[in-house]
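> There's a structure below that I have some questions on.
The values are calculated or read from the model by the stated rules, or taken from the named source; none is laboratory data. Being a predicted model, the structure only gives us computed values, none of them experimental. A quick note on method: Cβ atoms are made from the backbone with ideal geometry, for glycine too, and the neighbour counts reach across all protein chains shown.
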């Protein structure tokens, strides 16, 4: 299992941590345009001062960078720079850079080590952990990829202070998800300290990041390749979310915003199947109502979506099996399960309508 380091400033420990994990001091540093501008100089300076050989790559800061076209361009740059399998790759950024960097590392020279340095709340608590790396296809998100565990996940909560508030709230979707699926006590903590966490105040933000990362790492270690159904519980709300993202052409709604809306749908679906109580439903919705995912634009876009159109879009999700959608639902707050049977479309549509009515 990857070692997860939470430290500020983590860049000062590159040499020590790479040495401890038998990683060469030859690193491809992958940024998107935003992380290059915000953190690139200090990270590259730290690598150079600590004796690393560095080759820098930069991609546009958008979801469409997770593509065959971008990957092919990066392969060409690496080959022309004589980067071989003795190198490793440091992915600096959010989910796009982490996924793309992991995909490149998994496939280049049949696999080189990847080190994740996430700079967003969503990436620190979810996408950088667990080794699932992928690029998108026009017919669906994250359909082409690998299981490629990072050698290290380096988390510096100080980077979160650079994020726009909307990105912080979007990242909170993955944080609160862990409370819903695995830890009712953590859900209580989030409920009590929500405003301190989104304000990036310590010790609240560090506790939220550490706990989220630990829950995800524990689940991944127990079910790395999703064979028992345990790892699938990490996708609570995501079946709905991926449908929403596809309808929005992966541009007009943040992933975390879609996940938060997806969790509202999943709570209502759990209630319609009578796996949770009215009290659990209302408490779950009250926590999700703390989100400012509900900007006017996002709210309106969700309300304008036809439930039938969302269901159709959800069928492109890679998590379906034998053409059947798989839903992660709750037995109670703090305990999720993968529903073992297909759910009738009219019930799913009714849950979506319930969610639209409460959004």
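> Given the condition surrounded by 14 or more Cβ atoms within 10 Å (Cβ to Cβ) and within 30 Å of residue 242 (Cβ to Cβ), answer yes or no: does some residue in segment 39-47 qualify?
Initial filter on segment 39-47 (surrounded by 14 or more Cβ atoms within 10 Å (Cβ to Cβ)): 39-40, 43-44, 46-47.
Now drop any that are not within 30 Å of residue 242 (Cβ to Cβ), which leaves 39.
Looking through segment 39-47, at least one residue is surrounded by 14 or more Cβ atoms within 10 Å (Cβ to Cβ) and within 30 Å of residue 242 (Cβ to Cβ).
> Hey, another quick one. Which of the numbered conditions does residue 126 fail, given that it passes all the others? Conditions: (1) under 21 Å from residue 25 (Cα atoms); (2) part of a helix (DSSP H, G or I); (3) touching a helix residue (DSSP H, G or I) at 6+ places or on another chain (Cβ under 6 Å).
Against the list (1) under 21 Å from residue 25 (Cα atoms); (2) part of a helix (DSSP H, G or I); (3) touching a helix residue (DSSP H, G or I) at 6+ places or on another chain (Cβ under 6 Å), residue 126 comes up short only on (1).
> Further, regarding this structure: Test residue 194 against the criterion of being outside the structural domain of residue 43 (by TED's automatic domain parsing), surrounded by fewer than 22 Cβ atoms within 10 Å (Cβ to Cβ), without any contact (Cβ under 8 Å) to a residue 24 or more places away in the chain and in contact with a helix residue (DSSP H, G or I) (Cβ under 9 Å, 6 or more places away or on another chain), and give yes or no. Steps first, please.
Numbers: outside the structural domain of residue 43 (by TED's automatic domain parsing): yes; surrounded by fewer than 22 Cβ atoms within 10 Å (Cβ to Cβ): yes; without any contact (Cβ under 8 Å) to a residue 24 or more places away in the chain: no; in contact with a helix residue (DSSP H, G or I) (Cβ under 9 Å, 6 or more places away or on another chain): yes.
No, not satisfied.
> Taking the criterion of being assigned by TED's automatic domain parsing to the domain that holds residue 91 and over 20 Å from residue 120 (Cβ atoms), would at least one residue in segment 32-41 satisfy it?
Going residue by residue through segment 32-41, those that are assigned by TED's automatic domain parsing to the domain that holds residue 91 are 32-41.
If we keep only those that are over 20 Å from residue 120 (Cβ atoms) too, we end up with none.
No - not one qualifying residue is present in segment 32-41.
> Got a sec? Which strands (runs of 3 or more DSSP E) wholly within segment 129-186 have at least 1 residues that are at pLDDT 95 or above and out of contact with any strand residue (DSSP E or B) (no Cβ under 9 Å at 6 or more places or on another chain)? Outline the logic, then answer.
Details: elements: 132-137, 140-147, 152-155.
In segment 129-186, no matching strands (runs of 3 or more DSSP E) lie anywhere.
> Looking at segment 37-68, which of its residues are in contact (Cβ under 8 Å) with a residue 24 or more places away in the chain, more than 23 Å from residue 142 (Cα to Cα), assigned to a helix (DSSP H, G or I) and in contact with a helix residue (DSSP H, G or I) (Cβ under 9 Å, 6 or more places away or on another chain)?
So in segment 37-68, the residues in contact (Cβ under 8 Å) with a residue 24 or more places away in the chain come out as 38-40, 42-43, 46-47, 50-68.
From the residues that got through so far, the ones that are more than 23 Å from residue 142 (Cα to Cα) too are 38-40, 42-43, 46-47, 50-56.
Now drop any that are not assigned to a helix (DSSP H, G or I), which leaves 38-40, 42-43, 46-47.
Correct list: 38, 39, 42, 43, 46, 47.
> Is there a residue in segment 221-230 that is under 14 Å from the mean Cα position of the chain (by Cα) and either within 21 Å of residue 124 (Cβ to Cβ) or not in a loop (DSSP other than H, G, I, E, B) (or both)?
Going through segment 221-230, the residues under 14 Å from the mean Cα position of the chain (by Cα) turn out to be none.
Checked against the condition, which is being under 14 Å from the mean Cα position of the chain (by Cα) and either within 21 Å of residue 124 (Cβ to Cβ) or not in a loop (DSSP other than H, G, I, E, B) (or both), segment 221-230 yields no hits at all.
> Exactly one of (1) surrounded by fewer than 20 Cβ atoms within 10 Å (Cβ to Cβ); (2) in contact with a strand residue (DSSP E or B) (Cβ under 9 Å, 6 or more places away or on another chain) is unmet by residue 213. Its number?
The one condition residue 213 does not meet is (1).
> State which residue is surrounded by the most Cβ atoms within 10 Å (Cβ to Cβ) when the search covers only segment 254-274 and only residues that are in a loop (DSSP other than H, G, I, E, B) and in contact with a helix residue (DSSP H, G or I) (Cβ under 9 Å, 6 or more places away or on another chain).
Going residue by residue through segment 254-274, those that are in a loop (DSSP other than H, G, I, E, B) are 254, 273-274.
With the extra rule that they be in contact with a helix residue (DSSP H, G or I) (Cβ under 9 Å, 6 or more places away or on another chain), the set shrinks to 254, 273.
Numbers: 254: 20, 273: 15.
Among those that are in a loop (DSSP other than H, G, I, E, B) and in contact with a helix residue (DSSP H, G or I) (Cβ under 9 Å, 6 or more places away or on another chain), it is 254.
> Could you tell me whether residue 108 is more than 17 Å from the chain's Cα centre (by Cα), in a helix (DSSP H, G or I) and not assigned by TED's automatic domain parsing to the domain that holds residue 253?
Numbers: more than 17 Å from the chain's Cα centre (by Cα): yes; in a helix (DSSP H, G or I): yes; not assigned by TED's automatic domain parsing to the domain that holds residue 253: yes.
For residue 108, the condition - more than 17 Å from the chain's Cα centre (by Cα), in a helix (DSSP H, G or I) and not assigned by TED's automatic domain parsing to the domain that holds residue 253 - is met.
> Please indicate, with yes or no, whether at least one residue in segment 200-208 is in contact (Cβ under 8 Å) with a residue 60 or more places away in the chain, farther than 28 Å from residue 310 by Cα, assigned to a helix (DSSP H, G or I) and touching a helix residue (DSSP H, G or I) at 6+ places or on another chain (Cβ under 6 Å). Working first, answer last.
Start the filter on segment 200-208 by keeping residues that are in contact (Cβ under 8 Å) with a residue 60 or more places away in the chain, which leaves 206, 208.
Subset that is farther than 28 Å from residue 310 by Cα: 206, 208.
Going one step further and asking which of them are assigned to a helix (DSSP H, G or I), we end up with 206, 208.
Pick out the ones that are also touching a helix residue (DSSP H, G or I) at 6+ places or on another chain (Cβ under 6 Å) and you get 206, 208.
Scanning segment 200-208 turns up at least one residue that is in contact (Cβ under 8 Å) with a residue 60 or more places away in the chain, farther than 28 Å from residue 310 by Cα, assigned to a helix (DSSP H, G or I) and touching a helix residue (DSSP H, G or I) at 6+ places or on another chain (Cβ under 6 Å).
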